[in-house]
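Here is the structure we will look at, set down as structure tokens.
The values are calculated or read from the model by the stated rules, or taken from the named source; none is laboratory data. For clarity, every value in this text was computed on a predicted model and none was experimentally measured. Quick reminder, even Gly has a Cβ in these numbers, built from the backbone with ideal geometry, and neighbours come from all protein chains shown. Surface areas here come from the heavy atoms of the whole protein model, side chains and all, with no ligands, DNA or RNA. Shrake-Rupley method; radii C 1.70, N 1.55, O 1.52, S 1.80 Å.
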Amino acid sequence: MTLPSIGDLPLEQRRIIRAWCMYDWANSAFATSIAAIVPIYFVFLFKESVGEDGTVLGIFTGSSMWSLGVALSTGFVAFSSPVLGVIADRVPIRRALLATYMTIGSVFTMLAFFAPFVQEPWMWLFATFTVANIGFVGSIVFYNSFLPHLGPRHLLDDISSRGYAYGYLGGGLLLVVHLAFILATRDTDLADLATRLAIASVGVWWFGWAMWTLRVVPEPPVQRSEERLRPRSAVVLGFRELRRTFREIRRFRVAVVFLVAYLLFNDGISTVTAIAGAYAADTLAIPLVFNMGTVATIQFVAVPGALAFAWLADRIATKPALTVALVGWIGIIVFGVSLAPLTPTDHGDFEIQFAYREATGDYVAEAVADDDGYELTWRDQYWRVEEGYAFRASAIEGLAEAVRDADGVEYAVSIRGGPLDGASGVGGSHPSMLGGGPVDWWPSLMRDLLWAPLGLEVGPQWLLLGAMVGWVIGGSQALARSLFAQVTPERRSGEFFAFFGFIGRASSVFGPTVYIAATALFDTRVAVMSILFIILAGTVVLGRVDVEAGARTAAEEDARIAEA
């Protein structure tokens, strides 16, 4: 007998599924535009305050400080959601919790607009992002818990994948608008305002579209409703039910094994996606606009990617399809660490370019990659070079060699024409300088064998990586969500999906912490590579999940509750 598809469901049920998917459309703007814009903008504000090589407390760089914000916000949700989930199974407040988290997240996203108006803009941005991220991850916990109530179990892969497809499309469309807006105002006095307006508009988009979901999707039915519970009694009930769940944990062994696997592989995935923007800015020196274009590429590729993995799961089952996606992530991390800026060779590749003028016998700075110019240390003096500035040959003689011999210099200088023709120097801290880190041999090898022969700069390399991520990210997220729904009781979905959210957010605490520690001990490339082993371990544990046994246990628990 052919099982019914989503198109065979009643019209009202299809309308509810569509409205549920629209929340993914709404909140994915936070996961895309915020991920593309805010980390790089934060690193810029951070360095502007503490200096190019500065740290906070001698530990936190711009990217690791960003990871701290991710860890704090996700940690708060991770430890509060299980109790709220238990209460939501007894009291019809699931929609209210979704609305509360959504409102907090969207409002604090809008408040990020005011960063330049405080004494330390990076601190304001850090604080507003941290609170907004609490709203983002908290709302997802309760949004996910609606999934088992939307359709029969055999359709959960399809429904979950459609949700992610909606999200990638909606988030991608808004990101393209932001990208066009920022490109149009680049190199103008409106550039900073455009960036902040783009950030604030994410909050407006999120709040506005979420109204569709909250208006249409009904509150799931609860068993033994206790609507008159006082807040204190509700918390007591939540902890009591959690204790009971822990006592019965052996009955839900399959769900527990899956959560262990999810803890590991989601840790890797969420950490990689959370720090990607800061890694692109800090390590690879990828411009904001190019990073936004890459994130947009991920969004649009992820739409067919999520649907393709739903099709694959229908052919080979959910767990094998999820395993394919995780193996893809392992390959992506290896590929990502191989990215490397090309060493400047042609005169036009250097950040600072001097050209000789025959008529005046001096050198003019014909190009300066940094719009604000560079502050140079030369002959025991600081001086600033900006495009159009002219210097006598004696003023810059030996500059290229000095840049080449300096460890802390992040730019490269080239001189063309006149008595200094051909002089060039690449600073010791230039993004293209490799060889000092434990895994730098890998990007160095790939640059020699692939990137340099192809003439592929780091920007297109990053774009290629983004296309690869797009194909697997939707499948790994959607299938993990639907697989968990298949092995857990529908009538305890709030509680179990709170655990799902707890594990997901707990892993998001652990992963950034590992990234921070590895960065402090080694460098960012080692930190990224370390994530590979976490995903590999999660893939191995996933192999021990018996989906059929878990589904039987879930059905038995639903039957027991119905009879109670």
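Listed values, structure above:
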item: Average projection area in nm² (convex hull over Cα atoms of the stretch 275-395, one quarter of hull surface); result: 11.2
item: Percent carbon-and-sulfur accessible area, the stretch 459-564, ignoring ligands, DNA and RNA, probe 1.4 Å; result: 67
item: Whole-percent carbon and sulfur share, accessible surface of the stretch 17-154, 1.4 Å; result: 72
item: Cβ-Cβ FRET estimate between residue 186 and residue 464, R0 fixed at 22 Å, reported to 0.05; result: 0.40
item: Fully extended contour minus Cα-Cα distance, from residue 6 to residue 397, at 0.36 nm per residue; result: 133.5 nm
item: Computed E for residue 359/residue 454 - FRET, C-beta separation, R0 35 angstrom, nearest 0.05; result: 0.30
item: The stretch 382-430, relative contact order [Cα under 8 Å, separation at least 6], %; result: 35
item: Under the Debye formula (equal points on every Cα, no solvent term), log10 I(q)/I(0) of the chain at q = 0.08, 0.10, 0.12 Å⁻¹; result: -0.57, -0.84, -1.14
item: Contact order normalised by residue count of the chain, Cα under 8 Å, 6+ apart, percent; result: 26
item: Accessible carbon and sulfur surface of the stretch 289-435 relative to its total accessible area, %, 1.4 Å; result: 52
item: Accessible area per residue, Å², the chain with all protein chains present, probe 1.4 Å; result: 42
item: Part-to-part distance (alpha-carbon centres) for the stretch 169-219 and the stretch 416-445, which is given in Å; result: 38
